[in-house]
Each structure stands twice: as structure tokens, then as C-alpha cells.
Amino acid sequence: MIIGNTHCLYGENMNAIIKADNVYYEYMAQNEGDIAVQAVKGISMSIRQGQFVVVLGRNGSGKSTLARLLNGLLIPVKGTVIIDGIDTSNNELIWEVRKTLGLVFQNPDNQIVATTVEEDVAFGPENLGISPDDIRKRVDESLKMVGMGEYSGYSPHMLSGGQKQRIAIAGILAMEPKCIVLDEATSMLDPRGRREVMDVLKKLNREKGITIVHITHHMEEAVEADLVMVMENGRLVLTGTPRQIFENIEQIRKAGLDVPQITALAYDLKEKGVRMDKLPLNVNEMVNVLNGLIKRKNSDNTDSARRHIVRELKPESPIIKVRDLSHVYMPGSAFEQKALYDINLTVNKGEILGIIGQTGSGKSTLVQHFNGILKATSGSVEVDGLKAEGNDLKELRQKVGLIFQYPEHQLFEETVYKDIIFGLTKLGLDEEEIKKRVFHVIDILGISPELLEKSPFELSGGQKRRVAIAGVLVMKPKVLVLDEPTAGLDPQGSSEVFRLLSRLNREEGTTIIIISHNMEEVAAFCHRVAVMNKGRLVFCDTAANVFSRYEELKNYNLDIPKITELFRELHNSGHDVPQNVLTVDEAKEFIISMINSGVGVRHND
Amino acid sequence: MINNVTLGQYIPGNSILHRLDPRTKIFWTILLMAATFLIDSWAEYLMMGLFTLMLMLISGVPIRQSVKGIKPLLFILIFTAVLNIFFTGGTPILAIGPVKVTYEGIFAAIKLFLRLVMLVITASLVTITTTPMTMTDGIEKLLKPFEKIGVPAHEIAMMMSIALRFIPTLLDETNRIMKAQASRGANFDTGSIFSRIKSFIPVLVPLFVSAFKRADELAEAMESRCYRGGKGRTRLKEIHYSKLDLSASLAGIALLGIIFSGRLFS
């Protein structure tokens, strides 16, 4: 018995590559009198060699602190972290810990040290004092492993975000680690970059048996993990398989997260009394469940396919007219690059227009013509009767507010208030009016008035972003253009931004143009969607029509919302359903009505 | 606004110049600089010119590329040369009031111009045939002996290479911030010099904030990749002082000897 027990205990210890025992960490107070901030409060966990673990949690839940505790960048104030048998607080063995457990960070730019790809990948092994021949071998193998073999001589700033993160992963791989921890490494990437990184991680896990701890707030990435952990407020609140985790939908939502669309739909259907034995996590599982519930109908002359909710479109009254617009960057130089080809687009007053397309397809270039930041090489842009090329830039920029990606990076004033009124002060308004506008805008955006006298640099990420948006809104633009307004925000933060925007659209009548990679958000909020590919506007139509053109979108490397994909699959498996269902609510209503109308529902009772 | 600036004009190749150790190239540059300021007679100028031309040919880089470095400096070069015309005493050939143009002045101007041109070409040949990383490695090795008197050789080299790495990133960022502030109503192009300088505050503050953040994050990333200073660190591409370097250095000294040999007999 004793032998067996010892063996068991031993076996567990041998297998646990990461072991954390009641770990606490607090950041020292910045000013005297402030209380230290507890970022991690009593986390215990054990991760076995070879597991693929996803850690979920909203911004500020302590995920990044946890990552830094795992490789000894931070040392717990209480409790222990043991990596492959070594305590991270052991100063002499800290390099062993970091060699065993590599960390990939969030910002792709800020972790690349060298001026060429191969020298960067070599950085780790160089620090370990490995011989040049071995370094060469490791660099070549690592680059091949992440699919970046041909890029060894490239300069990092020539690469896309996804490629840079793969270089960062290769840099860790070259140190021959047993475990890689990724601290929100996909949060600044576009969907394609995210997919590239996820594919590499899965490959490393499968082929090399490397333990992966992937910290993220993209729920779809958690579905394929062996183990999911959910963090809230410095604590580990849930641990289990993806299925176990997503069954706790309330708790997940409480933690500021969301579940994948399919799971949300399943949950809603369950609440309406639809029976399901196990919770479907992806489209295929859901199709199987629904196939069991709804009998196929042979005749297709019902109106069910047309029973889909049609969103009201804004009447045609153009506010922006783009005619034959082309743009060439740096014409005449060696870097000459044509970015836009003969764009024709009309934006209607009061609508929400989504612009989708891969990174580099010309979306940002297009919208920068709307307020005259870029000048048309040929063709014209007219905003509310104003030509966007003359000398009326000031007036134009008042009409069109343009919010760039990560707008919080432009904050610079001493106080939030001063920052918000930066543009306003140039309009010659009196103080009363300025104040009135500021308070009106912060009310819409949910910025509390106490923040106005604080320094913008003291605020949290989400608050900073709102302040930056406020600085544009006080100009009372007729058109608001946002370039990826939800980049880097967690699900709750993202849906708040979209809620604010649709409120602004509804109450103030502001025309809104959103560039986004999040198809689910675009599908849920936009009246019309413009699709761009390689500098051309390929089509512009209602959201429902755009997302039903699955094949074409796929050619442009674009996804459709999971819900739309589900209905497409249902259609393909013989059901008479529309292919342009866009949101969970629409899907729920449709499925319930199908079941209730007795379209051959198989009762399980 | 700021457009793509190409930094370090390295042009890949496999000439002798490319293969030389950066230390040799730095040594040669110093040697040639000294020589360019010592040459005096037209014969020496001619030989020096031929020598520079020879280096250009050896590098295997199109002549057009190696003289490209002169273009941005052309104005300053001509300006300094022309100044010489008026401020050298001697036999006047033309006099307008107090301003005199002399024979000596014209020759001095031509000579100065040629000197500067040769200097710029030699310097660009070094940057054209050496990658920035190799260059910093070379500087690190050269400074190594001075570590004993407290010169942080490795740190200086590391800082240089990180600076090289981040210059394009920060240029991109400056461009982005300028566009964003312009969208918020900032105006960079009009107004007095003072107000124009002031208008850059909204660009500089965010740029500095982000640069510090980048520095912090980079430090973390370097630490977690086991960086602990130069001690015990190896390199992917070690630079080697080979026989080629030795002979090149000796050849350099010999060639300069020939250029100045005329002086022995005069």
C-alpha cells in the first residue's frame, strides 16, 4: 500500500510541470498612502506536461501577473510556484526556470530585440552561451517549426502581427523549453494572425509535446483546449474541460467573459425547454443536436426561408459620396504602392456601415480620405456637400470624426478634461458651451465626472479608450469613423463599445462607420457592410446579404459569424432554413418557431 | 508627414569588403580619413582618388549606389567649398569691392570638395557592405579593451542595436500619432515657428509615453529570454579577425605609404 501511495505521489510530482500553491502577489503602492494592489489572491494549480491549457479572464483579472509569476519575472509574496521541480524564488536557478518555461508577450513589436528575424530567434540561445553552430541549427529548426523559414533575413518591421508573434514563439522554441506561456499573445492580432498562432501552438503541443498555457479572452480559442481555467479578480474561479466550463454560462458572464455563440444559443434554447443531452460547443455538434430535434422537410415551398427578420435600412440620403477613388502611397519612389483602386461608395445619413476585409486590404486607407488625412490620388470624396480636398480641412474634420486604432495612445494632456477639449479649444467656443458639450458626451460614454480632473495616464485601458473617443465626440461630428474600436478589449468591453455606438446612432442620429475584424459584432450592429479585398471594394450590401455570400467571403479570407455558419450547415444537411441569420437572438427565435410550428419535431420525452 | 526612411544602406553581397571584419573596416576608415586630410599635392589627390575608386570597384556595388550618399550632403559640400573661394588670400582674378576671388581660393575650394566627397564615399562603402548588427558587434569588440577602465562595451553595443531595431517602429508610430492628432484638430503646418513647435507637444508626449512602455516591455521580454548582460553570451554570427583582415590592413598601410611616398623625395 505504502509503495503504491508513494508511487502515486511521485508520479504526480513528476508529471506536474507547473505547480502553484496558494500564490499571492501584490503590486507596491505608487504613492504613499495608497494601498498595495493585490493582483493574484491565492491561486493554486497543477498543470501536467503536454497539456494544452487556456486561461480566460477579462482585462485586469490578474492573468498577466500570473504569467509573470510562472517564469519568475515576479516572485510571489506568499505561496510557491514550482516549474519542473524548481522553485521560482530560488535565485540561482532562475535561468533554468526561464529556459524551461518561455513567455510570449502581448505586443508583437515590443519583444523583438534584433534587426533581423534570425538574429532575434538566436537571442535566447546566445544568452544561454550555446555554440554558434548549435545556435544556427536551433534557429533554422525553430523558424521552420513556426512556418517562417523563408523569412530569416527579414527585418521585423516588414512582418505582419501574426508573423511577428510566430517569430517570438520561435525565439522561445530555440531555447528548447518544456512549456510555453502566452500572455494574451493573440489579442493584438487580426483573425488570420490569430489562426496562424493557434495553428502553431497546436502543432507544437501535438508534435513536440510542449505544454502550452495560452492566456486569452477569445472564447473560440478555449474550445479546443484540454483544460480551461477562468480567472476573476485575481482568483481562479473555474477549472475544467471546455464543456464543463461553458456549462457554467452564468458564472462566465459574471466574470466579464462570454461563451462562444453556439454555446450561447444552446443555452438559450435549453432555457426555452429544448432538451439537449450534452452542450454543443461547435457548429458540427449543434447541427447534430438540431438534426435530432427537427425533421427534414422535403418540400421547400414554405415561407420559412423567407421568414427571417429583415432589419430596417436607412433611407437613401447620401452623406459621404466616394467616386472612383484611387490612392497610391509614395508615388514615384521605390516604395510606390497602390492601395486603393477606383472605389465607389455611398454612405447614407444615419446608418451604421461596417467595413470588413483582411489587414492590408485598404480599409484604413479608405477611411482616412473621409476627413482629408489622406488626399485622393485620383477620384473624389464628398462629405455633406463638402469636397474633401480643398482648404476646408478644419470644417471637414469637424464633420467627420476619425478614431484610430488604440486611440488611448494619443492621450497627452495633464487632465482628462483638458484632453477631451483639445480639439474644441480650436473652434473658438465659449467656456459654457465647451463644458456643456463635455458633460453631455461623458454622460453618453459613461465616464464618471470625477475622472475629469485625473491624469489620463492613471485610468484603466477601457476608461482611456472612452476618454479618447470623447475627445472626438465633443466636436459633434455628423459622421463618426472608427478603426477597430474594440481591438484589445475583452468581450464585455467590446460589447459595451458597440452598445455605446448604437446608442449614439439612435439618439444623436450620428452616421457611424466601423472597421472591424469581429464578424459577430459587425453582423449584429451594422445596417450595411462593405467588403474590401486587395484595395478594391468588392461589394457593399445589407449585413444579411453580405454574410450569406459565404464562398466569396472565404476567398477573401473572411469569416462569417458562427450562427450564420450554423444555419448554412443546417441548410446543407437538408433543412429548409435561411442562410442569412446573423445573431443568437434571431437564431433562437427561428429555431423555437420551427420546433413549435411542429415542423416534425421529434419529442424526446 | 514622415515617410519610410531606409536606415543603414546595407546592400547584400560577397565581395572582399563584405567579408572583412567590421574592425578592419573601421580601422581602414580611420586610416583613410586621416589620409584625406593629409594629402596636399595634386599627385596625392589623384592617387587617393584612384584608391577610392578601386575600393568602390572591389565592393561590387553599383557606382550609383555608392555615390548616393553624397546627394543629401551636396548643398553643404558646395557651400563649404564656395566659402573657401572667397576667404583664401592670394593672387586675385576678380574683385568686387571687398570680395576677392583668388586662384588659390578656387584650388582650395576644389580640393576641399574632393576631400569631402572621398570621405563620404568611404564612409558609405562601410555602411553599404556591413549589416548594422555586424557593425555593433565590431564596435563592441573594439571597445572591449576599454572595459577595464569602466567603458560598458557590451551595453553600448546592445543599446545601439536596439535603437536600430526600434527606429522604424517609432517612425511608424510618430506618423500614426500625427494623423490621429490632426484628426482631432491639431495643425502642424501653419503658424509661427513657436506655435509649430508647440503643436508637436501632442505628438511628443504620447510618443515618449509609448517609448517608455516599449522599453519596459522589451526589458521584460529580454529578461525572460535569459538575458543577463554580455558575460557568457555567444553569438549566432561570431565575427572573426582572419588572415584576410590582417592582409587587408597591411595592404591599406602599404597603399597609403605609396601615396605619400612622393614626399620622401621632394
Got a sec? Which of B:Thr80, B:Thr36 is among the hydroxyl-bearing types (Ser, Thr, Tyr) and closer than 30 Å to B:Asn14 by Cβ? B:Thr36
Would segment A:190-201 turn up any residue that is assigned to a loop (DSSP other than H, G, I, E, B) and touching a Lys or Arg at 6+ places or on another chain (Cβ under 9 Å)? no
Any residue that is among the acidic types (Asp, Glu), more than 12 Å from every other protein chain (Cβ to nearest Cβ), surrounded by fewer than 21 Cβ atoms within 10 Å (Cβ to Cβ) and over 28 Å from the mean Cα position of the chain (by Cα) - is there at least one of those in segment A:130-138? no
A:Lys99: in contact (Cβ under 8 Å) with a residue 40 or more places away in the chain, assigned to a strand (DSSP E or B) and not aromatic (Phe, Trp, Tyr), yes or no? no
Can you find a residue that is under 26 Å from A:Ser46 (Cα atoms), in contact (Cβ under 8 Å) with a residue 40 or more places away in the chain and more than 8 Å from every other protein chain (Cβ to nearest Cβ) anywhere in segment A:186-194? yes
Answer yes or no: is there a residue in segment A:423-445 that is out of contact with any Leu (no Cβ under 7 Å at 6 or more places or on another chain) and under 26 Å from A:Thr186 (Cα atoms). no
Would you call B:Glu217 free of Cβ contacts under 8 Å to residues at least 60 places away in the same chain, at the interface with chain A (Cβ under 7 Å from one of its Cβ atoms) and either surrounded by 16 or more Cβ atoms within 10 Å (Cβ to Cβ) or assigned to a helix (DSSP H, G or I) (or both)? yes
Assuming A:Thr425 fulfils every condition listed in (1) part of a loop (DSSP other than H, G, I, E, B); (2) farther than 29 Å from A:Leu257 by Cβ apart from one, which condition is it? (1)
Assuming A:Leu269 fulfils every condition listed in (1) surrounded by fewer than 22 Cβ atoms within 10 Å (Cβ to Cβ); (2) of a type outside the set (Asp, Glu); (3) part of a helix (DSSP H, G or I) apart from one, which condition is it? (1)
Tell me, yes or no, whether segment B:190-199 has at least one residue that is closer than 25 Å to A:Val474 by Cα and surrounded by 15 or more Cβ atoms within 10 Å (Cβ to Cβ). yes
Please work out if A:Ala114 is more than 30 Å from A:Arg243 (Cα to Cα), in a loop (DSSP other than H, G, I, E, B) and aliphatic (A, V, I, L, M). yes
Evaluation of A:Leu396 against (1) outside any loop (DSSP other than H, G, I, E, B); (2) at the interface with chain B (Cβ under 9 Å from one of its Cβ atoms); (3) not basic (Lys, Arg) (one fails), failing number: (2)
Only one of B:Glu173, B:Glu140, B:Glu147 is closer than 30 Å to A:Asp392 by Cβ, touching a His at 6+ places or on another chain (Cβ under 9 Å) and not in a loop (DSSP other than H, G, I, E, B). Can you tell me which? B:Glu173
Out of the residues in segment A:144-160 that are buried (at least 21 other Cβ atoms within 10 Å of the Cβ) and over 16 Å from A:Pro177 (Cβ atoms), which is nearest to the other protein chains (Cβ to nearest Cβ)? A:Pro156
B:Gly105 vs. criteria part of a helix (DSSP H, G or I), farther than 30 Å from A:Glu118 by Cα and over 16 Å from the mean Cα position of the chain (by Cα): yes
Give the residues of segment A:96-121 that are farther than 23 Å from A:Leu70 by Cα and at the interface with chain B (Cβ under 8 Å from one of its Cβ atoms), sorted by residue number. A:Ala114, A:Thr115, A:Thr116, A:Glu118, A:Glu119
Check whether at least one residue in segment B:150-157 is without any contact (Cβ under 8 Å) to a residue 40 or more places away in the chain and more than 30 Å from A:Arg136 (Cβ to Cβ), and report yes or no. yes
Are any of the residues in segment B:50-71 basic (Lys, Arg) and loosely packed, with under 13 Cβ neighbours inside 10 Å? yes
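Yes/no per residue for (1) among the hydroxyl-bearing types (Ser, Thr, Tyr); (2) more than 14 Å from chain B (Cβ to nearest Cβ); (3) free of Cβ contacts under 8 Å to residues at least 12 places away in the same chain:
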| site | (1), (2), (3) |
| --- | --- |
| A:Leu402 | no, no, no |
| A:Tyr406 | yes, no, no |
| A:Glu414 | no, no, no |
| A:Thr425 | yes, no, yes |
| A:Ile447 | no, yes, no |
| A:Glu450 | no, yes, yes |
| A:Glu453 | no, yes, no |
| A:Met475 | no, no, no |
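A quick yes/no check of all residues on (1) hydrophobic (A, V, I, L, M, F, W, C); (2) over 20 Å from B:Leu125 (Cα atoms):
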| site | (1), (2) |
| --- | --- |
| B:Thr36 | no, no |
| B:Ile39 | yes, yes |
| B:Ala43 | yes, yes |
| B:Met48 | yes, no |
| B:Ser59 | no, no |
| B:Val67 | yes, no |
| B:Ala81 | yes, yes |
| B:Asn84 | no, yes |
| B:Phe87 | yes, yes |
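Throughout, read-outs are computed from the coordinates displayed, never taken from laboratory work. Every value quoted in this text rests on a predicted model; they were computed, and no experiment measured them. We place every Cβ from the backbone using ideal geometry, glycine too, and count neighbours over all the protein chains shown.
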